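Beneath this line is the structure, given in structure tokens, with notes to follow.
The values are calculated or read from the model by the stated rules, or taken from the named source; none is laboratory data. These numbers come from a predicted model, not from an experiment. Backbone-built Cβ (ideal geometry, glycine too); neighbour counts: all protein chains shown.
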Amino acid sequence: MAHFSKPAEGSWTEHFKIDTGPRSYEDSISPELYELERDAIFRRTWLNVGRVEQLPRKGSYFTKELDAARASVIVVRGMDGEVRAFHNVCRHRGNKLVWNDFPREETSGVCRQFTCKYHAWRYSLEGELTFVQQESEFFDLDKSQYGLVTVQAEVWEGFIFVNLDQDNTTPLRDYLGKFAKGIEGYPFHKLTQVHKYRAEIGSNWKLFIDAFAEFYHAPILHQGQYEPEEARKIQKYGYQALAYDVDGPHSMVSSWGGVAPPKEKNVVKPIERVLRSGLFGPWEAPDIGLDTLPPGVNPVKDSRWGMDSFVFFPNFMLLIWKPNWVLTYHYWPTSYNTHIFEGTAYFVPPKNALERLQQERCVVSFKEYGLQDANTLEATQTMLESRTVTEFPLNDQEILLRHLHNAADQYVRDHQRRQASGAPSTAS
Ligand code: FES
């Protein structure tokens with residue numbers, strides 16, 4: 001596939017016709033621009049809010065707080081087995097319908113109906129208003145007109161997405177584009193051993209995506225993860241990806257396999273040698289019943305391949321690792337300079353204690369890397385906000401950063417154009 005070939009000359013950035021000049025980070029430090037992004041991006045695009053395994057039975061539900069979209073949604077499996085989503089708002093007087101002790105915290109469970117805590121209006125799993133306390137006190141109340149407000153929900157390969165744009169007409173698969181099509185068939189449903197991390201981060205949401213969208217930093221920021229001699233070697237040669245690609249607002253980078261398994265064991269730490277596992281996963285990949293990888297995974301079919309990282313705009317990152325495990329990242333903005341980060345690792349259920357420890361070792365290693373990455377973000381955010389320096393040179397390995405910020409900018413400008421023309425919201 002020509003677009004995956006390493007450019008014969010020039011750079012990846014020029015290959016994809018992306019501007020190579022210094023970049024402003026105003027889009028990450030401006031409260032006004034963030035307010036625009038909320039409507040232009042988070043209320044208009046498909047957002048991944050979870051997996052179907054979180055809804056194992058009829059009546060299983062979970063809530064998702066989408067602060068950036070000014071919304072809370074209920075995602076529920078109905079009595080017919082269908083996955084649906086609703087705004088988490090009672091139609092009587094606007095109380096949040098589903099929550100436990102703290103209204104801003106997400107929750108999950110199994111129920112036969114949703115009952116409002118305030119005056120006990122009840123809704124079916126399909127969103128119909130089924131019971132009104134002292135109904136005769138109301139004035140010609142037509143219950144059929146007061147069901148929960150529907151949110152579009154679709155499932156791709158077990159990942160549940162919602163779209164808050166009532167006028168959206170773009171099906172999820174079309175929105176996700178060629179990267180999603182190329183991954184289809186990967187047995188995500190078998191990776192049911194799940195480990196989650198969640199952190200409140202003091203930076204704009206895009207800055208953390210930036211941190212994971214380039215590996216230029218890896219030999220420096222993460223040098224403590226390697227044995228000293230190996231760290232020196234990696235720093236000397238630096239990092240190169242196998243391939244980059246972009247598709248609409250989405251992007252991907254394909255990477256070599258790092259140290260799984262290492263040719264020389266002394267390049268990794270003793271605990272990794274004992275457990276035969278590290279950041280890239282268990283050295284011996286468990287069987288997930290996959291003879292051939294889907295065509296979109298390791299797209300350049302490089303024997304050194306170790307991991308692909310896909311960014312599905314705006315805030316869903318999906319990493320597929322050679323040793324048959326998957327990592328997802330989500331970045332949920334809570335203000336222009338804060339967001340909630342979620343990291344979730346998926347493995348096949350371990351068959352014995354060693355496999356469990358190998359997975360734990362991998363997850364702990366990921367957490368350590370993640371902390372190192374997150375640690376720089378607040379330092380970056382505060383200095384960007386000082387506006388002492390307003391333009392920054394990005395190298396060719398930082399192509400996906402340029403692409404992400406360009407995509408966000410494009411959504412904002414389209415939104416402003418629609419506002420200026422008074423045009424109604426249309427599908428993205
Ligand atoms: Fe929900 Fe009154 S606000 S029943």
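Going by what's in this entry, would K58 be described as surrounded by 13 or more Cβ atoms within 10 Å (Cβ to Cβ), in contact (Cβ under 8 Å) with a residue 60 or more places away in the chain and either at positive phi or assigned to a strand (DSSP E or B) (or both)? So K58 fails the test. Taking first residues from the range 31-42 that are closer than 16 Å to H405 by Cβ and partners that are modelled with pLDDT of 95 or more and of a type in the set (S, T, Y), the Cβ contacts under 8 Å between residues at least 6 apart in sequence or on separate chains come to L33/Y336; Y34/S335; Y34/Y336; E37/Y411; A40/Y411; I41/Y411.
Remark: pairs (first residue in the range 269-298, on the phi > 0 side of the Ramachandran plot; second residue modelled with pLDDT of 85 or more and surrounded by 16 or more Cβ atoms within 10 Å (Cβ to Cβ); Cβ separation under 6 Å; 6+ apart in sequence or on different chains) = R276/W283; G281/W321; G281/P323; G281/W325; G281/C362; N298/W305. Whether a residue is touching a residue at least 40 places away in the same chain (Cβ under 8 Å) and surrounded by fewer than 21 Cβ atoms within 10 Å (Cβ to Cβ) was assessed, and R198 passes this test. Within the range 128-152, being over 35 Å from the mean Cα position of the chain (by Cα) and assigned to a loop (DSSP other than H, G, I, E, B) holds for V132, Q133, Q134, F138, F139, D140, L141, D142.
Restricting the range 45-98 to residues that are more than 14 Å from L125 (Cα to Cα) and acidic (D, E), the residue that is farthest from the chain's Cα centre (by Cα) is E53. Does the range 19-28 contain at least one residue that is touching a residue at least 60 places away in the same chain (Cβ under 8 Å), in contact with a helix residue (DSSP H, G or I) (Cβ under 8 Å, 6 or more places away or on another chain) and among the small types (G, A, S)? Yes. Of the numbered criteria (1) within 14 Å of the ligand (Cβ to nearest atom); (2) in a strand (DSSP E or B); (3) among the β-branched types (V, I, T), the one V98 fails is (2). For the range 215-237, filtered to residues that are part of a loop (DSSP other than H, G, I, E, B) and at pLDDT 70 or above, the residue that is nearest to D396 (Cα to Cα) is Y216. Of the residues screened, V75 is one that is touching a residue at least 12 places away in the same chain (Cβ under 8 Å), surrounded by 22 or more Cβ atoms within 10 Å (Cβ to Cβ) and either over 30 Å from E214 (Cα atoms) or touching a helix residue (DSSP H, G or I) at 6+ places or on another chain (Cβ under 9 Å) (or both). Within the range 138-153, identify whether any single residue is on the phi > 0 side of the Ramachandran plot and touching a helix residue (DSSP H, G or I) at 6+ places or on another chain (Cβ under 7 Å), and answer yes or no. Among the residues of the range 138-153, not one is on the phi > 0 side of the Ramachandran plot and touching a helix residue (DSSP H, G or I) at 6+ places or on another chain (Cβ under 7 Å), which makes the answer no. Counting only residues that are assigned to a helix (DSSP H, G or I) and in contact with a helix residue (DSSP H, G or I) (Cβ under 7 Å, 6 or more places away or on another chain), which one in the range 273-322 is surrounded by the fewest Cβ atoms within 10 Å (Cβ to Cβ)? The qualifying residue surrounded by the fewest Cβ atoms within 10 Å (Cβ to Cβ) is R273. Of everything in the range 112-127 that is in a loop (DSSP other than H, G, I, E, B) and within 9 Å of the ligand (Cβ to nearest atom), the residue that is surrounded by the most Cβ atoms within 10 Å (Cβ to Cβ) is W121. Tallying residues that are at pLDDT below 95 and surrounded by 12 or more Cβ atoms within 10 Å (Cβ to Cβ) within the range 101-111 yields 1. For the range 137-156, the count of residues that are touching a residue at least 24 places away in the same chain (Cβ under 8 Å), within 12 Å of the ligand (Cβ to nearest atom), aliphatic (A, V, I, L, M) and surrounded by 14 or more Cβ atoms within 10 Å (Cβ to Cβ) is nonzero. Can you say whether N163 is modelled with pLDDT under 95, of a type outside the set (S, T, Y) and either closer than 24 Å to L47 by Cβ or within 17 Å of the chain's Cα centre (by Cα) (or both), as far as the supplied structure shows? So N163 fails the test.
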